[in-house]
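Read through the structure below, which is laid out as structure tokens, and then see the notes.
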Amino acid sequence: MADIITLNDWTLDQLRVLGATVYDGMVPESVETMTGGYILPYLAVWAQPLREHAEQALAYCDPETAGGVNVTAAGHSAGTVRAWSQAVVQALNRVPVPGGGQYVHAEPHVPIQYDTAVTPARYYQPLSFTFAQP
């Protein structure tokens, strides 16, 4: 059975190899910028604790543990965010994790947003994944 520390470390490692800055559970007030004052792309990971299902079906066909993770992809343009979002889905969706189980890209599928409440302003897209382990 996977534990949340191992699962979170694996998730962060899967995303770090993509090349963007990865934040765990927070985004600092000041993020890295490039020439022109645009933000460098980053990924923010918001992991949820694992839990057991309240009741197992008699056929024992339900996963034993469940949980989830949300990953926010952010960048200076909608195209940048679109590309990073796709890379995150490919890195996490249905990829076996240590100890068994997998993430599945899940609802809600939120469109790319533009945040003007932060400086510099940025495009971002939250991605949701559920985790299930047999």
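Taking first residues from the stretch 54-80 that are part of a strand (DSSP E or B) and partners that are of a type in the set (Lys, Arg) and at pLDDT 95 or above, the Cβ contacts under 8 Å between residues at least 6 apart in sequence or on separate chains come to Ala74/Arg122; Gly75/Arg122.
Arg51 satisfies every condition listed in (1) within 17 Å of Gln133 (Cβ to Cβ); (2) at pLDDT below 95; (3) surrounded by 13 or more Cβ atoms within 10 Å (Cβ to Cβ) except (3).
Filtering the stretch 77-103 to residues that are β-branched (Val, Ile, Thr) and out of contact with any helix residue (DSSP H, G or I) (no Cβ under 9 Å at 6 or more places or on another chain) leaves Thr80, Val81, Val89.
The values are calculated or read from the model by the stated rules, or taken from the named source; none is laboratory data. On a predicted model such as this, the values are computed, not experimentally measured, just so you know. No Cβ is skipped: glycine too gets one built from the backbone with ideal geometry, and neighbour counts run over all protein chains shown.
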